[in-house]
Amino acid sequence: TNGAKKAPNPSPLRNSKFFQSNMRILITGGAGFIGSHLVDRLMENEKNEVIVADNYFTGSKDNLSKWIGHPRFELIRHDVTEPLLIEVDRIYHLACPASPIFYKYNPVKTIKTNVIGTLNMLGLAKRVGARILLTSTSEVYGDPLEHPQKEEYWGNVNPIGVRSCYDEGKRVAETLMFDYHRQHGIEIRIARIFNTYGPRMNIDDGRVVSNFIAQALRGEPLTVQLPGTQTRSFCYVSDMVDGLIRLMEGENTGPINIGNPGEFTMMELAQTVKELIDPKVTIKEVENTPDDPRQRKPDITKAKELLGWEPKVTLRQGLPLMEEDFRRRLGVPKDA
Ligand code: NAD
Ligand code: UDP
Ligand code: UDP
């Protein structure tokens with residue numbers, strides 16, 4: 001597509017018929033929330049060998065403990081802003097802090113991770129002829145002036161704001177992906193992920209679903225940032241992983257939105273968590289941060305048509321699964 005050149009194939013042996021069904025898969029950021037669920041799913045297939053490269057900035061070895069020592073699994077402490085020389089067939093490039101608290105903590109590092117990290121993974125893909133998938137974000141649409149957001153929408157992003165290290169960083173990462181595709185014939189896939197939640201999120205991750213669940217379980221007030229009418233659309237992690245694998249193994253480069261179109265205001269989310277976990281908790285309105293998008297909801301027509309994918313788990317089904325995991329980790333049993 002796009003008049004791209006055919007990628008070189010420097011590894012004839014791995015691509016011979018003897019090896020065709022075996023896949024060596026690199027997951028950058030595989031010790032994180034979405035990455036570790038992706039590892040679980042890919043490890044279920046006995047033909048897959050999985051390598052995780054992660055610097056543990058927001059991820060943790062605990063998320064991968066069941067695979068450490070497994071003969072088809074390898075874990076490397078590695079920062080993607082440094083070159084990486086290995087041989088793989090597929091690269092799921094997730095490495096990047098995703099929570100605003102963490103990506104704003106060292107914004108220069110966030111930009112480097114997005115730009116230099118993606119450049120390095122593209123250089124690796126080019127050298128070994130691997131296919132590479134980038135987990136981009138709905139943040140590329142900024143504070144969107146079109147609703148719901150289609151992939152054709154170019155976005156409304158502040159280039160000099162406190163969120164720019166993340167959203168502009170991902171926009172450059174997408175540009176690099178397409179330039180390597182057009183210029184060097186690299187096989188690329190771009191997923192634009194919308195807010196995702198589920199078990200294993202950092203308890204102090206700072207994102208809204210994990211905050212509300214942890215607050216409700218600790219009997220603290222749920223902190224709704226003003227105005228509370230801003231909306232998000234929340235996708236359960238098993239649906240997300242399914243969408244990412246379909247995109248990787250399908251024929252389309254994307255970008256393709258992957259998310260759940262069910263849209264909620266933050267006040268509605270707080271009410272739902274309160275009702276599900278503890279009707280006695282209170283809701284406290286607190287100040288918001290700059291440039292917070294006022295609305296967000298994916299148009300998933302493309303994912304449905306091109307990937308045969310749509311989310312299956314509703315927010316009311318997914319929240320209790322996350323509650324169970326948080327109860328275990330916080331040591332708050334159900335009828336305590
Ligand atoms: P996460 O913070 O749990 O995982 C990110 C992982 O990347 C962590 O394990 C972290 O240690 C690692 N990492 C960060 N910088 C690195 C570096 N320089 N070198 C190597 N490893 C590094 O976040 P997540 O929610 O699992 O997000 C995964 C990907 O999905 C990210 O690229 C994120 O931008 C994207 N995404 C997530 C969401 C969401 O709602 N969770 C939404 C949109 C996009
Ligand atoms: N790179 C890497 N692993 C590889 C090949 C390349 O990390 O297996 C890095 C390399 O260090 C470079 C980047 O990817 O910084 C881009 O590589 P490319 O070959 O496209 O560009 P060049 O090295 O010519 O700048
Ligand atoms: N938010 C909130 N309370 C919190 C954390 C976040 O009301 O404790 C709001 C925040 O203002 C934003 C939405 O929840 O409107 C989603 O924020 P999050 O950081 O989870 O993800 P974002 O989509 O902004 O990256």
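The values are calculated or read from the model by the stated rules, or taken from the named source; none is laboratory data. Only a predicted model underlies this, so the values are computations on that prediction, with no experimental measurement involved. Positions of Cβ are backbone-derived with ideal geometry, glycine not excepted, and every protein chain shown enters the neighbour counts.
Does at least one position in segment 317-326 carry a residue that is within 30 Å of residue 253 (Cα to Cα), within 22 Å of the chain's Cα centre (by Cα) and of a type in the set (A, V, I, L, M)?
Of segment 317-326, the ones within 30 Å of residue 253 (Cα to Cα) are 318.
Then keep just the ones that are within 22 Å of the chain's Cα centre (by Cα); that gives 318.
Okay, now just the ones that are also of a type in the set (A, V, I, L, M), so none.
So far as segment 317-326 goes, no, none of its residues is within 30 Å of residue 253 (Cα to Cα), within 22 Å of the chain's Cα centre (by Cα) and of a type in the set (A, V, I, L, M).
Any idea which of (1) touching a Leu at 6+ places or on another chain (Cβ under 6 Å); (2) away from ligand 2 (no atom under 16 Å from the Cβ); (3) among the hydrophobic types (A, V, I, L, M, F, W, C) is the one residue 73 doesn't satisfy?
(1)
Go through segment 300-317 and count every residue that is in contact with a strand residue (DSSP E or B) (Cβ under 6 Å, 6 or more places away or on another chain) and either assigned to a loop (DSSP other than H, G, I, E, B) or surrounded by fewer than 14 Cβ atoms within 10 Å (Cβ to Cβ) (or both). Please lay out each step first, then the result.
We begin by selecting, within segment 300-317, every residue in contact with a strand residue (DSSP E or B) (Cβ under 6 Å, 6 or more places away or on another chain); these are 300, 302-303, 311, 313.
Filter again for either assigned to a loop (DSSP other than H, G, I, E, B) or surrounded by fewer than 14 Cβ atoms within 10 Å (Cβ to Cβ) (or both), leaving 300, 311, 313.
Total meeting the criteria: 3.
Does residue 217 satisfy the criteria of being away from ligand 3 (no atom under 15 Å from the Cβ) and hydrophobic (A, V, I, L, M, F, W, C)?
No; evaluated as a whole, the condition is false for this residue.
Given the structure, is residue 157 away from ligand 2 (no atom under 16 Å from the Cβ), over 27 Å from residue 27 (Cβ atoms) and surrounded by 17 or more Cβ atoms within 10 Å (Cβ to Cβ)? Reasoning before the result, please.
On the way: away from ligand 2 (no atom under 16 Å from the Cβ): yes; over 27 Å from residue 27 (Cβ atoms): yes; surrounded by 17 or more Cβ atoms within 10 Å (Cβ to Cβ): yes.
Judged against the criteria, residue 157 is a match.
At least 1 residues that are under 24 Å from residue 181 (Cβ atoms), free of Cβ contacts under 8 Å to residues at least 60 places away in the same chain and more than 8 Å from ligand 1 (Cβ to nearest atom) in each: list the helices (runs of 4 or more DSSP H) lying fully within segment 30-130 that qualify. Outline the logic, then answer.
Details: elements: 33-43, 100-105, 107-128.
The helices (runs of 4 or more DSSP H) meeting that bar are 107-128.
Strands (runs of 3 or more DSSP E) wholly in segment 133-236 with at least 3 residues that are within 20 Å of residue 93 (Cα to Cα) - which ones? Even if it seems obvious, please write down each step before you answer.
On the way: elements: 188-193, 222-225, 231-233.
In segment 133-236, 188-193 are the strands (runs of 3 or more DSSP E) which contain 3 or more residues that are within 20 Å of residue 93 (Cα to Cα).
Restricting attention to segment 146-199, and to residues there that are touching an Asp or Glu at 6+ places or on another chain (Cβ under 7 Å) and aromatic (Phe, Trp, Tyr), which single residue is nearest to residue 260 (Cα to Cα)?
By that ranking, first place goes to 153.
Only residues that are among the β-branched types (Val, Ile, Thr), farther than 30 Å from residue 62 by Cα and in contact with a Phe, Trp or Tyr (Cβ under 9 Å, 6 or more places away or on another chain): list them for segment 282-333, please.
Step one: of segment 282-333, the residues among the β-branched types (Val, Ile, Thr) are 282-283, 286, 289, 300-301, 313-314, 332.
Filter once more, keeping what is farther than 30 Å from residue 62 by Cα: 282-283, 286, 289, 300-301.
Once the filter is applied, which keeps residues that are among the β-branched types (Val, Ile, Thr), farther than 30 Å from residue 62 by Cα and in contact with a Phe, Trp or Tyr (Cβ under 9 Å, 6 or more places away or on another chain), segment 282-333 yields only 300.
Can you find a residue that is among the charged types (D, E, K, R), modelled with pLDDT of 95 or more, within 16 Å of the chain's Cα centre (by Cα) and farther than 30 Å from residue 22 by Cα anywhere in segment 143-157?
No, segment 143-157 contains no residue that is among the charged types (D, E, K, R), modelled with pLDDT of 95 or more, within 16 Å of the chain's Cα centre (by Cα) and farther than 30 Å from residue 22 by Cα.
Looking at (1) touching a Leu at 6+ places or on another chain (Cβ under 6 Å); (2) in a helix (DSSP H, G or I), can you tell me which one residue 252 breaks?
(2)
How many residues, within segment 235-292, are of a type in the set (Asp, Glu) and within 16 Å of ligand 3 (Cβ to nearest atom)?
The first filter runs over segment 235-292 and keeps only residues of a type in the set (Asp, Glu), leaving 239, 242, 249, 251, 263, 268, 275, 278, 285, 287, 291-292.
Pick out the ones that are also within 16 Å of ligand 3 (Cβ to nearest atom) and you get 263, 268, 285, 287, 291-292.
Total meeting the criteria: 6.
Give the residues of segment 64-93 that are surrounded by 22 or more Cβ atoms within 10 Å (Cβ to Cβ) and within 10 Å of residue 31 (Cα to Cα), sorted by residue number.
64
Working only within segment 257-273, note down all residues that are surrounded by fewer than 24 Cβ atoms within 10 Å (Cβ to Cβ), assigned to a strand (DSSP E or B) and within 16 Å of ligand 1 (Cβ to nearest atom).
Once the filter is applied, which keeps residues that are surrounded by fewer than 24 Cβ atoms within 10 Å (Cβ to Cβ), assigned to a strand (DSSP E or B) and within 16 Å of ligand 1 (Cβ to nearest atom), segment 257-273 yields 263, 264.
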